[in-house]
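Below: one structure, written as structure tokens.
The values are calculated or read from the model by the stated rules, or taken from the named source; none is laboratory data. Here the structure is a predicted model, which means the values were calculated and not measured. Cβ coordinates were reconstructed from backbone atoms using ideal geometry, including for glycine residues, and neighbour counts include every protein chain displayed. Side chains are part of the model used for accessible areas, which takes the heavy atoms of the whole protein and leaves out ligands, DNA and RNA. Shrake-Rupley method; radii C 1.70, N 1.55, O 1.52, S 1.80 Å.
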Amino acid sequence: MAEAYGDIKSADLKILNWSWDDTIARLTVWWQLGDSRASEFMDFDGAGRVVRSEAFYGK
């Protein structure tokens, strides 16, 4: 986990916004933890499993 999140010791993050696209079954979440911000998306198949995801991190 340290490779992905660096020095972050807690997952007490603040959800800034989220959206669901029913056409392509994609959940997108924007969150903040301290001065770190991220957006992540997950694409789901018909059974509700994540089949693709990406995350983008910045400050």
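Mind checking which residues of segment 14-38 are in a loop (DSSP other than H, G, I, E, B), modelled with pLDDT of 95 or more and either within 12 Å of residue 57 (Cα to Cα) or open to solvent by 50 Å² or more (accessible area, probe 1.4 Å) (or both)?
Matches in segment 14-38: 22, 23, 24.
Determine the pairs where a residue that is acidic (Asp, Glu), located within segment 32-59, has a partner that is at pLDDT below 95 and outside any strand (DSSP E or B) with Cβ atoms under 9 Å apart, the partner being 6 or more residues away or on another chain.
Pairs that qualify, where the first residue is acidic (Asp, Glu) and the partner is at pLDDT below 95 and outside any strand (DSSP E or B), are 35/59.
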